[in-house]
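Below: the structure, in structure tokens.
The values are calculated or read from the model by the stated rules, or taken from the named source; none is laboratory data. The structure presented is a predicted model; accordingly, all values stated were derived computationally and were not measured. Counting neighbours? That spans all protein chains shown, and the Cβs are built from the backbone with ideal geometry, glycine included.
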Amino acid sequence: MSKKVKTLFDKIYDKHVVESRDASPDVFYIDRHFIHEVTSPQAFDGLRKKGLTVARPKQTIATADHNVPTLNQHLPIKEMLSRIQVETLTQNCKEFGIDLYGLGHENQGIVHVIGPELGITQPGMTIVCGDSHTSTHGAFGSIAFGIGTSEVEQVLATQCVLQSKPKTMKIEINGALSEGVLSKDIILYIISKISAAGATGYFVEYCGTAISSLSMEARMTICNMSIEMGARGGLIAPDEITFEYLKGRSFAPKGEDWDKKMAYWSTLFSDPGASFDKVINFDAADIEPMITYGTNPGMGIGISHAIPTDDGTGEIDKAMSYMNLSSGENLEGQQIDYVFIGSCTNSRIEDLRLVADFVKDKRKADNVEVWIVPGSKKVEAQAIEEGLDQIFLKAGFELRQPGCSACLAMNEDKVPAGKYCVSTSNRNFEGRQGPGSRTFLASPLTAAAAAVTGKITDVRKLLKNTTYAV
Amino acid sequence: MPFDKFIDTAVPLPATNVDTDQIIPARFLKATTREGFGKNLFRDWRYDNEGNEKSDFVLNQSIFSGSILVTGKNFGCGSSREHAAWALSDYGFKVVISTFFADIFKNNALNNGILPIVADAVTMSKIFKAIEIDPTTKIEIDLPNERWSFDRETYSFEINAFKKECLIKGYNNMDYLVSKKGPIEKFEQEHIYC
Ligand code: SF4
């Protein structure tokens, strides 16, 4: 065996190559495959047409999330097409022997929330899903990436995809975060610096003291948005925090099996001296609470900064006209209409706790509607158990049922045309939250502050008033 | 459908970072089949709220037509939805030319018989200019020789040899992967990590 120094990515990648030939892409083995109702029906259809079956049904896990209502989930889905799509998933899972956490199931939720929370996502694995935010699972030190429906079909049939090895990038962030700055701000900051296309063709490893001190949920927020700078995926080396999080979860290994896995997991780090195709360094102290002003996640600024002027490409001007904002303006004080706290980026229990802690004894501003959509049934149950639902109720925040909701607005949860929404989700594309909707991406804390004041707010100013510390 | 040499006119869409939510908005992803997405291609740029065509959008300008889309950098970023490739293909696009493509989109395009051609920025401004001056500018696409040309100038592009063969012969990855059943099962027996 070669003693070559390797990056974490290479270690996992190389272990999963079934066959590598010069002229063709690698046959790449997939340990876990998540599916949902929107990008899987055509894949199952394809299998049937080709007379193929699912090779390893136990390695695929299904849930209904993208298209489900977030109110009255016990009733049949009203919208016909959504109902058909969810029913089709149920039928397909039954026909091919795949475990489904459908509406009403205690494990149901956003695919990238339930995988980690159930302990299905583990270090050193390869994980795919027909969804670009599959990169979330990289927080456990796994290679996780989004695929298209044709590839979903291929994984179902063969448990493999064809893959060309991407380049590697290391993003190192050292130092301590300032008060009011969360992991969401770290990733929005990185994307604003390297642009929405800055990591295209790369697989990113995040490291440095500002990363290793984060909780698992905060790490997931970072890896989640890797795709927003074009990266194939992002990962973080597993450590004690990772193992501690995993221990005891439903699908995590137990007993002897745990020890065996630990032997493998403890090899999962980039060797000293391992070389990356690109290395970028940031200082955590430079990061303020972030907010986006435009129509891609790279268009973000620190809350105290003004919207930049167009660089001659017309991109910012186009975004300004869509957002009805102007370059040179500060966003602080900008009136808003909606706040959405949810999505696979920020809908976990820590996010909800943070928001609840902040809004305790406060009330939302009259001009805003606030939706909190937990990432999963388990998060929802936990929030209720901890009494967070009561805090939200008093604050005038509406706690909905789990799903993707206004992150992509496939269901009824849409921000109306022309309205402004501060959102903890991951995409501010034109129309993403509903046709004509205008999105400001931010951390859960910045979103909660906006909910309370009805305007875009520098949360740090409120923290000082209330002696609240993060 | 196998991919051959051909000559056609092009549709210019100089916007950068065109994400897949623009190519096909999420509310049209409720279908359970692959067909019919073309009518909602670029839906919110193409039609107003009442469903009327927006005259300033290029697909609504009859002087521009053809099966080649020429567009700005980072085309297809965002969501992994293959519906974006299905919509482009259903509408009739066979080639997309840009300075670069988002990774997942590129794969999805190739898996659906659409050829993504990467060109440098200088060539891109030339082609945009050429189409602006003369919307009937003909572009020749020569996949077997990895070349494309317009205005009597020829440019080369790169494509993975395997993908090229798949496109030309109309094969897809599934056939190849299914043929690897033996090695995959052998791998599974030795693969003890997960
Ligand atoms: S929450 Fe949003 S980004 Fe996450 S999986 Fe759902 S639709 Fe995709």
Problem set entry | Whichever residue in segment B:1-23 is crowded, with 20+ Cβ neighbours inside 10 Å and either more than 11 Å from every other protein chain (Cβ to nearest Cβ) or among the charged types (D, E, K, R) (or both) and, among such residues, is farthest from residue B:130 (Cα to Cα) | B:21
For this session: Consider residue B:99 carefully, then state whether it is under 27 Å from residue A:129 (Cα atoms) and surrounded by fewer than 21 Cβ atoms within 10 Å (Cβ to Cβ).
Result: no
Seminar exercise, completed: Going through segment B:31-70 in order, the residues found to be in contact (Cβ under 8 Å) with a residue 12 or more places away in the chain and of a type in the set (Val, Ile, Thr) are B:58, B:63, B:68, B:70
Exercise. Is there a residue in segment A:100-122 that is crowded, with 24+ Cβ neighbours inside 10 Å, part of a loop (DSSP other than H, G, I, E, B) and within 12 Å of chain B (Cβ to nearest Cβ)?
Worked result: yes
Problem set entry | All positions within segment A:431-460 that are within 14 Å of chain B (Cβ to nearest Cβ) and away from the ligand (no atom under 16 Å from the Cβ) | A:435, A:436, A:438
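Results for (1) assigned to a helix (DSSP H, G or I); (2) modelled with pLDDT of 95 or more; (3) away from chain B (no Cβ under 11 Å), shown as yes or no for each residue.
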{"site": "A:48", "(1), (2), (3)": "yes, yes, yes"}
{"site": "A:54", "(1), (2), (3)": "no, yes, yes"}
{"site": "A:61", "(1), (2), (3)": "no, yes, yes"}
{"site": "A:70", "(1), (2), (3)": "no, yes, yes"}
{"site": "A:78", "(1), (2), (3)": "no, no, yes"}
{"site": "A:81", "(1), (2), (3)": "yes, no, no"}
{"site": "A:87", "(1), (2), (3)": "yes, yes, no"}
{"site": "A:90", "(1), (2), (3)": "yes, yes, yes"}
Problem set entry | Given (1) crowded, with 24+ Cβ neighbours inside 10 Å; (2) within 16 Å of the ligand (Cβ to nearest atom); (3) in contact (Cβ under 8 Å) with a residue 40 or more places away in the chain, number of the condition residue A:147 does not satisfy | (3)
For this session: At least 2 residues that are at pLDDT 95 or above and within 20 Å of residue A:317 (Cα to Cα) in each: list the helices (runs of 4 or more DSSP H) lying fully within segment B:2-92 that qualify.
Result: B:20-23, B:43-46
For this session: Could you tell me which residue of segment B:113-123 is farthest from the other protein chains (Cβ to nearest Cβ), considering only residues that are in contact with a helix residue (DSSP H, G or I) (Cβ under 7 Å, 6 or more places away or on another chain) and modelled with pLDDT of 95 or more?
Result: B:115
Problem set entry | Answer from A:34, A:44, A:9, A:28 - the residue that is at pLDDT 95 or above, more than 19 Å from residue B:107 (Cβ to Cβ) and either out of contact with any Pro (no Cβ under 7 Å at 6 or more places or on another chain) or not assigned by TED's automatic domain parsing to the domain that holds residue A:63 (or both) | A:44
Problem set entry | Entirely in segment B:124-194, the strands (runs of 3 or more DSSP E) that have 1 or more residues that are over 30 Å from residue A:17 (Cα atoms) and of a type in the set (A, V, I, L, M, F, W, C) | B:139-142, B:147-150
Exercise. In this structure, is residue A:133 more than 12 Å from chain B (Cβ to nearest Cβ), in a helix (DSSP H, G or I) and farther than 27 Å from residue A:462 by Cα?
Worked result: no
Exercise. Would you call residue A:181 closer than 23 Å to residue A:120 by Cα, in the same structural domain as residue A:133 (by TED's automatic domain parsing), buried (at least 24 other Cβ atoms within 10 Å of the Cβ) and aliphatic (A, V, I, L, M)?
Worked result: no
Exercise. Any residue at all in segment A:412-422 that is within 16 Å of the ligand (Cβ to nearest atom), under 19 Å from residue B:19 (Cβ atoms) and away from chain B (no Cβ under 14 Å)?
Worked result: yes
Exercise. What number of residues in segment A:421-470 are within 20 Å of residue A:409 (Cα to Cα) and either at pLDDT below 95 or part of a loop (DSSP other than H, G, I, E, B) (or both)?
Worked result: 16
Exercise. Among the residues of segment A:351-379, how many are out of contact with any helix residue (DSSP H, G or I) (no Cβ under 7 Å at 6 or more places or on another chain) and in contact (Cβ under 8 Å) with a residue 60 or more places away in the chain?
Worked result: 4
Exercise. Taking the condition closer than 30 Å to residue A:316 by Cβ, in the same structural domain as residue A:24 (by TED's automatic domain parsing) and at pLDDT 95 or above, does residue A:118 pass?
Worked result: no
